[in-house]
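**Student:** The structure that follows is given in the form of structure tokens.
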Amino acid sequence: PETGCLSIIVLGASGDLAKKKTFPALFNLYRQGFLQLNEVHIFGYARTKISDDELRNRIQGYLSSGNEGSEDVSKFLQLIKYVSGSYDAAEGFQALDKAISEHETSRNSSEESSRRLFYLALPPSVYPQVCKMIKNYCTTKSDLGGWTRIVVEKPFGKDLASAEELSSQIGELFNEPQIYRIDHYLGKELVQNLLVLRFANRFFLPLWNRDNIDNVQIVFREDFGTEGRGGYFDEYGIIRDIIQNHLLQVLCLVAMEKPVSLKPEHIRDEKVKVLQSVVPIKDEEVVLGQYEGYRDDPTVPDNSNTPTFATMVLRIHNERWEGVPFILKAGKALNSRKADIRVQFKDVPGDIFKSQKQGRNEFVIRLQPSEAILHEAYGQATWGVVIPEAYERLILDTIRGDQQHFVRRDELKAAWEIFTPLLHRIDNGEFKPIAYKPGSRGPAEADELLEKAGYVQTHGY
Ligand code: BG6
């Protein structure tokens, strides 16, 4: 492992994402011994003018419950310093650089390199200017190696053109190996284990194709609405918020061919191929919904056309998957909270149980709320695992320089290519969402679409 001073700089430190995800993940990494006290320092940066202690107080409440007042919490909080400044002016970033450098000088011996990890917990609209400031004022100066890495959060753009523009702007400042595009679904344990399940398992390996699998469903449901995020959500909608990134990334891992090796580039090469094999989505294979009451949010326009629910069928044109529908389904304000991968197998020939059966052989991987692998035939979890939070894993990967679970630029482009025509039609008001009741399963039309695609509703779960 690399040694030397590690500075983690959270930009947007007073925002929601930083408080709820980034700092708690850093705290857990610290508590588990992944961040060494004598090496690491954490900096918060944002526009709000507050003191170090005020930032610490704001974060404290979000660190895992049960730890309040513990020695761990106070030691961790002491690692955090705050610098305030704007996102487009040199002074703030010069002050930030000064603070980081002081820390480095105090910690590093002359032979050690410095590592700077910038976590942008910010809206993408400011990414280019912030990256420019980091590049100009805050990159590692050490000539002993070391590195500067940038972590960015979705949404990376709103469509193909804006995503490409964003990629070029950031790409002019940093190389691809320095850019870590986070999709936190890739940090979930069972998502990470999909490759093991598929490629290291003699049961699944020979079954995983069109000869045995009838359809695949990747479902995300939430039993709450946009709650305070209406302004953000209305600009993006469920396809950009969940389907284009989280669900599509899962689809890649379910559908990709075996990579040449486990090297990040080899894995990402195969994911890109899957995305490039997806054929244009047909209108008749899309159902959009919007829950009743969504527009009551004062930050949502009264005539909003933004879908809060979508079900669609993706078709992969290759030897393994021709004819197998991949159904992606996501919705807010539904009847339950869960994220599942559901693989339905074809009926066995000459099935002697046909008259007694309700449903099909279905293999379910549950990603949310608690990860588990289930088999419909038994109707219960065969095992459940305690797992680290997705963000912890991904931040640790960034420190270690492992890009396997991050989205590469060409992958992002291929992902936007799939959805952009549909998104433009929705944005232009040509495709309207169907109203559904909060707490329901979503529009009935979605279930009809599923049935048409060959999905057989199973009981339970
Ligand atoms: C985020 C979306 O990326 O993922 C949210 O912006 C969503 O709308 C969240 O609620 C869901 O993540 P998880 O891990 O709770 O399934």
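**Student:** Report, by residue number, each residue of the range 176-220 that is within 10 Å of the ligand (Cβ to nearest atom) and surrounded by 21 or more Cβ atoms within 10 Å (Cβ to Cβ).
**Tutor:** 182, 183, 185, 187, 188, 220
**Student:** How do the pairs read when you match residues in the range 398-427 that are charged (D, E, K, R) with residues anywhere that are assigned to a loop (DSSP other than H, G, I, E, B), using Cβ under 7 Å and keeping only pairs 6 or more apart or on different chains?
**Tutor:** Close Cβ pairs (under 7 Å, with a partner that is assigned to a loop (DSSP other than H, G, I, E, B)) amount to 425/431.
**Student:** Hey, can you tell me all the residues within the range 149-174 that are in contact with a strand residue (DSSP E or B) (Cβ under 7 Å, 6 or more places away or on another chain) and at pLDDT 95 or above?
**Tutor:** Those that are in contact with a strand residue (DSSP E or B) (Cβ under 7 Å, 6 or more places away or on another chain) and at pLDDT 95 or above: 149, 150, 151, 152, 170, 174.
**Student:** Same structure, new question: Name the residues in the range 246-273 that are small (Gly, Ala, Ser) and surrounded by 21 or more Cβ atoms within 10 Å (Cβ to Cβ), would you?
**Tutor:** Once the filter is applied, which keeps residues that are small (Gly, Ala, Ser) and surrounded by 21 or more Cβ atoms within 10 Å (Cβ to Cβ), the range 246-273 yields only 255.
**Student:** Please state which one of 26, 35, 55 is open to solvent by less than 30 Å² (accessible area, probe 1.4 Å), in contact (Cβ under 8 Å) with a residue 24 or more places away in the chain and part of a loop (DSSP other than H, G, I, E, B).
**Tutor:** 35
**Student:** If you don't mind, there's one more thing I want to ask. Going by the structure shown, is residue 281 open to solvent by less than 10 Å² (accessible area, probe 1.4 Å) and within 19 Å of residue 217 (Cβ to Cβ)?
**Tutor:** no
**Student:** For the range 306-376, give me every one of the strands (runs of 3 or more DSSP E) that falls completely inside it and has 2 or more residues that are in contact with a helix residue (DSSP H, G or I) (Cβ under 6 Å, 6 or more places away or on another chain).
**Tutor:** Where strands (runs of 3 or more DSSP E) fall fully within the range 306-376 and carry at least 2 residues being in contact with a helix residue (DSSP H, G or I) (Cβ under 6 Å, 6 or more places away or on another chain), they are 309-315, 325-331, 362-368.
**Student:** Give the residue that is most open to solvent (accessible area, probe 1.4 Å), with candidates limited to residues of the range 295-329 that are among the small types (Gly, Ala, Ser) and within 17 Å of residue 284 (Cα to Cα).
**Tutor:** Checked the range 295-329; the qualifying residue most open to solvent (accessible area, probe 1.4 Å) is 323.
**Student:** Return yes when residue 271 is in contact with a Lys or Arg (Cβ under 9 Å, 6 or more places away or on another chain) and assigned to a helix (DSSP H, G or I) and no when it is not.
**Tutor:** yes
**Student:** When residue 276 is evaluated against the numbered criteria (1) open to solvent by 60 Å² or more (accessible area, probe 1.4 Å); (2) within 16 Å of the ligand (Cβ to nearest atom); (3) not aliphatic (A, V, I, L, M), which criterion, by number, is the only one it fails?
**Tutor:** (2)
**Student:** Let me ask something else about it. From the list 169, 249, pick out the single residue that is part of a helix (DSSP H, G or I), away from the ligand (no atom under 16 Å from the Cβ) and out of contact with any Gly (no Cβ under 7 Å at 6 or more places or on another chain).
**Tutor:** 169
**Student:** While we're looking at this one, here's another question. Can you tell me which residue within the range 221-246, out of those that are of a type in the set (Asp, Glu) and assigned to a helix (DSSP H, G or I), is nearest to the ligand (Cβ to nearest atom)?
**Tutor:** Among them, the one singled out is 241.
**Student:** Another question about this same structure. Just wondering, is there one or more residues in the range 13-28 that are touching an Asp or Glu at 6+ places or on another chain (Cβ under 6 Å), at pLDDT 90 or above and within 15 Å of residue 389 (Cβ to Cβ)?
**Tutor:** Checking the range 13-28: at least one residue is touching an Asp or Glu at 6+ places or on another chain (Cβ under 6 Å), at pLDDT 90 or above and within 15 Å of residue 389 (Cβ to Cβ).
**Student:** Next question. Quick one: in the range 38-52, which of the residues that are crowded, with 16+ Cβ neighbours inside 10 Å and of a type outside the set (A, V, I, L, M, F, W, C) is farthest from residue 119 (Cα to Cα)?
**Tutor:** Here the answer is 39.
**Student:** Considering every residue within the range 134-145, establish whether at least one is more than 30 Å from residue 364 (Cβ to Cβ), in contact with a helix residue (DSSP H, G or I) (Cβ under 7 Å, 6 or more places away or on another chain) and open to solvent by 30 Å² or more (accessible area, probe 1.4 Å).
**Tutor:** The answer is yes, given that some residue of the range 134-145 is more than 30 Å from residue 364 (Cβ to Cβ), in contact with a helix residue (DSSP H, G or I) (Cβ under 7 Å, 6 or more places away or on another chain) and open to solvent by 30 Å² or more (accessible area, probe 1.4 Å).
**Student:** Within the range 282-302, identify whether any single residue is among the β-branched types (Val, Ile, Thr), within 16 Å of the ligand (Cβ to nearest atom), assigned to a loop (DSSP other than H, G, I, E, B) and over 20 Å from residue 321 (Cβ atoms), and answer yes or no.
**Tutor:** There is at least one residue in the range 282-302 that is among the β-branched types (Val, Ile, Thr), within 16 Å of the ligand (Cβ to nearest atom), assigned to a loop (DSSP other than H, G, I, E, B) and over 20 Å from residue 321 (Cβ atoms).
The values are calculated or read from the model by the stated rules, or taken from the named source; none is laboratory data. In this text, all values refer to a predicted model and were calculated from it rather than measured experimentally. Cβ coordinates were reconstructed from backbone atoms using ideal geometry, including for glycine residues, and neighbour counts include every protein chain displayed. Areas reflect the complete protein model, heavy atoms only, side chains present, ligands, DNA and RNA absent. Shrake-Rupley method; radii C 1.70, N 1.55, O 1.52, S 1.80 Å.
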